[in-house]
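Below is one structure, written out as structure tokens; the observations come after it.
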Amino acid sequence: MWEETRKSGVKWQQLEHKGPYFTPAYEPLPDGVHFFYDGKPVQLSLAAEEVATFYGKMLHLECTTKEVFRRNFFSDWRKEMTAEERKLITHLDKCDFTEIHRHFMERAEARRTLPREQKQKLKEEAEKLQQEFGYCVLDGHREKIGNFKTEPPGLFRGRGDHPKMGMLKRRVMPEDVVINCSRDSKIPEPPAGHRWREVRSDNTVLWLAAWVENIQNSFKYIVLNPSSKPKGEMDWQKYEVARRLKGVVDKIRAQYQADWKSPEMKKRQLAVALYFIDKLAPPSNSLALRTGNEKEEGETADTVGCCSLRVEHVRLHAPSAGGQGHVVELDFLGKDSIRYKNHVTVEKLVFQNLEHFMEDKDPKDNLFDALTPGGKHGSVQADIVLEKELNVLDLDPQAAGSECTSSLNKHLQDLMEGLTAKVFRTYNASVTLQEQLRVLTRGFQISLFQKEMTGPGIALGLLCLTQKDIVQPPQEAEDSLTCKILAYNRANRAVAVLCNHQRAVPKTFEKSMQTLQKKIEAKKAQVAEARVELQKAETDLRMIGDHKPKSIDVATCRQLKSTPYALRGGVVPSGYFENATPCGSESQHILDSIRVATSGVLQKQRRLLKLEEQLARLRAKATDKEENKQVALGTAKLNYLDPRISIAWCKRFGVPVEKIYNKTQRERFAWAFNQAGEDFEF
DNA sequence: TTATTTACTTAGTATCAACTCT
DNA sequence: AGAGTTGATACTAAGTAAATAA
């Protein structure tokens, strides 16, 4: 069934929806808010004012200080001005948006501090909108839509050094929007006085509406929510492909390793490129690069992936006397201009190949030039020929990627149906999670077993200690749950590191770390204090023994020794009462005071344990926080880790899935829940 | 072939909402 | 109750890769 739909490309039979919700029209600034030029208030035309507010709203953001941003903004803004405005406003430096900025900050603040009922009202209105526009009917099921609103107009915020940052992103109009729905469904109504660009019925795609965005001239789509059935199905298939890779990955690796020795330059480059994409050697010797498609120069930030790597991104470190092995250093800006910097030990053959690939090239030349059309190794068959061709140096050194990625993917397709470069990231990520979970929680099942055998329920003394006096194993269940979750996060983090998922250090990081440290110090003090108190209680108990050891009869002595306290190697030394003589009624009194003193010791002991636990938990939290400082776990969790691995692990270790996946995530992974038994293996 | 277009996944950040602590 | 934290969500940019056009 799935096979058929995949082959035919048909994705639905019925699709009905209300079309996108459009950004409300621009609301002019209130009378009291002014824009100033050269110190004088200027009443702008509506269009120019709107664009001015886009900039004013962003005044606190770093991008407004960037020259490219300011230049692009100013140039686009001037296009929206009237002739007079354009004549007057010639320098951005003379523009004063501070009143506009203050206005929007105050408005946001006002909304935050709205009384509870008004907030409730806003929430209800949002919910109404969601109900009206946020769902569609797909093959008889009501499915949630991911983004049912068109993107509002504003200033483009590219990441990294984006040449187009600050450009005006135009308002989307119904006339821009193509609607996709089934022919016989209720066709969505365009807003009054407008019409759609087109209404079509293409059931080989999943989008509901689309428009062309004016910055990059690319499509934007209204699509389904990840919780929807078709999205879930695709997610599932993605992991199934990755699992099939597991079956052939050894063969593939053997082959590309063999290809490192191929006489054909192209083959060797392909083999090394694939190695860069695949190499997995935890904990810190993996590469896991993205494919690195070609990008149009000047249209986007200069970022690269495997196929678009340039010589300048690679450094080779020959084996040193210290015996470091062959090390490759990669340093480049990857997706989202996130820096990828890594030292990795590689096989000698890889190293030699790289030396060869880099020979006689400029830093700006492509590393894998034989896989790109204009590269100097491009059409060369063998090294021997290559050596004679060295004069073909400056043939378009910039040409990158597309040829490389498509030949790479074509090669992979031959090795396994459905295999592409990005599958390696999915595969390596999921396999790493599974393995790390195994390693990091290896101890837990054993300790559960031990608990059964030696648990707390052993015979207690007859000192009439009440149940609560028994030293409980320190809240085992809860404590081990904390440990398990910490272990899960560690495993998750290993994958995030593998995939280089970074985030900006949270603005509040230092401060909240400090408060946490303070808490730890306070807890340490409490622990020390509790320890002193325990010692004092122990001395008290011993004192009773010192003063009246003889008063205890033999039977009581036995009882005493069998109390949990004595058994724990406490302060009453074994044999301490051995020579006590029977002394009848007096022993009852002694027994009483010992009971009280013992109970005191037990109480102090419990308190100490509890505090020590709290301290341990705080320390764990601090570790977790520190390790997470620059690592984003969410991306791996959402896009790379087969949820069935986590679900199976939860079942095996008795961890409630809610501790791992929040509500949205459980909805997103709904497809996985009835699939993964506790013995699921990726 | 090679370049362009299209459709979909992957990504980090800003903001919003909920919760914790004082 | 209000401030401060934290977690969740909304948002949309930036990739991948297949399909299509030239």
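So is A:P30 loosely packed, with under 10 Cβ neighbours inside 10 Å and in contact (Cβ under 8 Å) with a residue 24 or more places away in the chain or not? Criteria met by A:P30. Residues of the range A:478-519 that are over 28 Å from A:S337 (Cα atoms) and among the aliphatic types (A, V, I, L, M): A:L481, A:I485, A:L486, A:A487, A:L516. How about the range A:312-328: which of its residues are assigned to a strand (DSSP E or B) and open to solvent by 20 Å² or more (accessible area, probe 1.4 Å)? Hits for the range A:312-328 are A:R315, A:L316, A:H317, A:H326. Scan the range A:185-192 and tell me whether some residue there is within 16 Å of DNA strand C (Cβ to nearest atom) and β-branched (V, I, T). No, the range A:185-192 contains no residue that is within 16 Å of DNA strand C (Cβ to nearest atom) and β-branched (V, I, T).
Of all the numbered requirements in (1) more than 16 Å from DNA strand B (Cβ to nearest atom); (2) part of a helix (DSSP H, G or I), A:E681 misses one, and that requirement is (2).
Report, by residue number, each residue of the range A:409-431 that is within 14 Å of DNA strand B (Cβ to nearest atom) and either of a type in the set (A, V, I, L, M, F, W, C) or open to solvent by less than 30 Å² (accessible area, probe 1.4 Å) (or both). Answer for the range A:409-431, where residues must be within 14 Å of DNA strand B (Cβ to nearest atom) and either of a type in the set (A, V, I, L, M, F, W, C) or open to solvent by less than 30 Å² (accessible area, probe 1.4 Å) (or both): A:L419, A:A421, A:V423, A:F424, A:R425, A:T426, A:Y427, A:N428, A:A429, A:S430. Evaluated against (1) open to solvent by 40 Å² or more (accessible area, probe 1.4 Å); (2) within 19 Å of A:A48 (Cβ to Cβ); (3) within 12 Å of DNA strand B (Cβ to nearest atom), A:R157 falls short on exactly one condition, (2).
For the range A:110-139, filtering for residues that are within 13 Å of DNA strand C (Cβ to nearest atom), polar (S, T, N, Q) and part of a helix (DSSP H, G or I) leaves 2. Reported count of residues in the range A:43-57, each being open to solvent by 20 Å² or more (accessible area, probe 1.4 Å), assigned to a loop (DSSP other than H, G, I, E, B) and touching a residue at least 12 places away in the same chain (Cβ under 8 Å), is 1.
Here the condition is being over 29 Å from A:Q517 (Cα atoms) and within 15 Å of DNA strand B (Cβ to nearest atom); of A:L633, A:L641, A:L618, it holds for A:L641 alone.
For the range A:90-109, residues that are surrounded by 15 or more Cβ atoms within 10 Å (Cβ to Cβ) and either of a type outside the set (F, W, Y) or not in a helix (DSSP H, G or I) (or both) total 8. When you scan the range A:254-265, do you find a residue that is of a type in the set (D, E, K, R) and under 31 Å from the mean Cα position of the chain (by Cα), even just one? No; the residues of the range A:254-265 include none that is of a type in the set (D, E, K, R) and under 31 Å from the mean Cα position of the chain (by Cα).
If you go through the range A:165-182 one residue at a time, do you hit one that is within 16 Å of DNA strand B (Cβ to nearest atom) and either open to solvent by 60 Å² or more (accessible area, probe 1.4 Å) or in the same structural domain as A:T64 (by TED's automatic domain parsing) (or both)? No, there is no match, as no residue in the range A:165-182 is within 16 Å of DNA strand B (Cβ to nearest atom) and either open to solvent by 60 Å² or more (accessible area, probe 1.4 Å) or in the same structural domain as A:T64 (by TED's automatic domain parsing) (or both).
The values are calculated or read from the model by the stated rules, or taken from the named source; none is laboratory data. The shown structure was predicted, so the numbers you read here are calculated from the model rather than taken from an experiment. Because the Cβ atoms are built from the backbone with ideal geometry, glycine has one as well, and the counts that use them run over all protein chains shown. These accessible areas exclude ligands, DNA and RNA; they are computed on the full protein's heavy atoms, side chains included. Shrake-Rupley method; radii C 1.70, N 1.55, O 1.52, S 1.80 Å.
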